[in-house]
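Read through the structure below, which is laid out as structure tokens, and then see the notes.
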Amino acid sequence: MAGVTDRPFRQLCKRLGAGYAVSEMVAANPKLWGTDKSRRRLDHAGEVAPIAVQIAGSDPGLLADAARYNVDRGAQIIDINMGCPAKKVCNAFAGSALLANEALVAAILTAVVRAASVPVTLKIRTGPSPRNRNALAIAQIAEGAGVAALTVHGRTRECAFVGSVEYETIAAVKRQVAIPVIANGDIRTPEEAQSVLGRTGVDAIMVGRAAQGRPWIFREIAHYLATGRHLASPTVAEAHSLIAEHLADHYDFYGEEMAVRTARKHLGWYTAHLVGGEQFRSEMNATTTVDEQRAAVTRFFDRLADVDERLIYVKPADSVVRSISMQDHLHRRQFSKHSSWGREALAA
Ligand SMILES: Cc1cc2nc3c(=O)[nH]c(=O)nc-3n(C[C@H](O)[C@H](O)[C@H](O)COP(=O)(O)O)c2cc1C
């Protein structure tokens with residue numbers, strides 16, 4: 001997820017049980033490769049293998065060059081983005097807008113598979129719109145072109161993030177092709193993970209937004225799938241220590257000035273459903289240095305430790321509706337700005 005799954009966050013998720021994590025997308029347009037943002041996205045130092053880099057664009061030749069360029073810089077898997085619904089990406093006819101042009105999809109996949117000396121995977125939606133759910137055709141094209149695995153977010157481009165996920169379409173894709181299929185969309189709990197695996201028969205599941213502020217969801221899902229029992233939520237002390245380490249990596253990766261701002265969204269997610277989260281966020285938003293931010297986090301966890309030994313999440317049905325609104329607000333802001341997700345691919 002652009003603006004979220006940077007190297008520090010991917011490393012944390014892998015440490016906490018994610019079997020696999022893909023980089024934020026890198027534009028196929030070489031003019032953008034020299035920017036600070038691209039340089040950070042191309043930096044995989046210390047990352048746990050396999051290093052998977054997602055590329056976005058619409059020109060088969062540029063995408064093939066981008067694949068080679070990223071393999072030369074350490075990518076062990078190249079993933080192609082045909083799942084992004086952001087307007088700017090789609091206006092540039094990249095992301096999920098590509099799904100409407102099956103001939104172009106075939107040309108892109110063939111060119112990238114030929115150019116890359118590593119496995120190439122593809123991320124799609126179920127089609128451009130509810131009137132044209134062509135995921136089955138795209139899956140066949142992908143398999144024929146030599147794509148190694150396919151991730152399906154079970155919504156059409158037009159549906160964006162609204163409405164139910166079409167797990168039946170994902171199941172049909174799985175039945176259609178022999179390559180591994182990964183189901184994605186609205187998997188937020190261990191039970192949902194188990195249910196999606198059962199309903200679709202897929203080889204793996206991909207978790208996106210539910211990992212924001214809750215990277216330990218991966219070990220919770222893995223534990224539940226293995227034992228049928230729930231793993232206890234982290235203790236307050238463990239969560240504090242994990243978040244402190246995440247912050248240290250984040251500060252290191254972005255540099256103090258930028259990191260204080262970019263860490264806020266993660267801290268907003270970490271605290272969105274926790275008692276006292278609102279007070280923490282107003283304190284945290286006033287901080288301007290990493291030392292102040294770190295101190296605000298420590299004060300928050302000290303207060304939380306007085307409430308319980310473990311993290312207790314307040315459910316939406318309870319009274320802390322405003323905490324939930326905060327999370328929704330953060331999501332909305334991401335989508336409305338399209339963060340880097342839209343802007344970069346526009347230029348791709
Ligand atoms: C902020 C944000 C950024 C995203 N960026 C990308 C991206 O760069 N590439 C991609 O394939 N999907 C991207 N996605 C889509 C997610 O990978 C995923 O398909 C979608 O959120 C549905 O899964 P979920 O319900 O588990 O979040 C993004 C989603 C969000 C919320």
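In units of the rule-of-thumb radius 2.2 N^0.38 Å, segment 135-222 shows an alpha carbon radius of gyration of 1.09. Listing TRP33, TRP269 from fewest to most neighbouring C-beta atoms within 10 Å gives TRP33, TRP269. With one equal scatterer per alpha carbon and no solvent term, the Debye-computed log10 I(q)/I(0) for segment 1-83 at 0.14, 0.21, 0.25 1/Å reads -0.42, -0.94, -1.29.
Return CYS159, CYS13 ranked ascending by Cβ neighbour count within 10 Å, so the fewest neighbours appear first. Don't skip to the answer; put the middle values down first.
Numbers: CYS159 19, CYS13 22.
By the 10 Å Cβ count, ascending, the order reads CYS159, CYS13.
Entry note: segment 236-312 has Rg to Rh equal to 0.94, where both radii use alpha-carbon atoms and Rh is the Kirkwood radius. Rounded to the nearest whole Hz, the Karplus-based 3J(HN,Hα) values (6.51 cos²θ - 1.76 cosθ + 1.60, θ = phi - 60°) of segment 106-117 follow the sequence 4, 5, 5, 5, 4, 5, 6, 4, 5, 7, 8, 8, with x at glycine and proline.
Cβ under 11 Å from ASP249's Cβ, ASP249 left aside: what net charge do those residues give with Lys, Arg +1 and Asp, Glu -1?
On the way: positive: ARG7, ARG10, ARG15; negative: ASP6, GLU245, ASP252.
That sum, taken over residues with Cβ under 11 Å, equals 0.
For the options ASP308, ASP65, ASP203, a Gaussian network treatment of the chain with springs between C-alpha atoms closer than 10 Å singles out ASP308 as fluctuating the most. Relative to its Kirkwood radius, the Cα radius of gyration of the chain gives an Rg/Rh of 0.96.
Taking the chain as a Gaussian network of alpha-carbon nodes connected by springs under 10 Å, the highest mean-square fluctuation of the residues PRO130, PRO190, PRO215 belongs to PRO130. Per-residue ellipticity at 222 nm computed for the chain from its helices equals -15500 deg cm²/dmol, with DSSP H segments shorter than 4 residues left out and the rest contributing -39,500 (n - 2.57).
Laboratory data are not the source of any read-out in this text; all were calculated from the coordinates shown. Bear in mind that the values here come from a model prediction, so they are computed numbers and not experimental data. We place every Cβ from the backbone using ideal geometry, glycine too, and count neighbours over all the protein chains shown.
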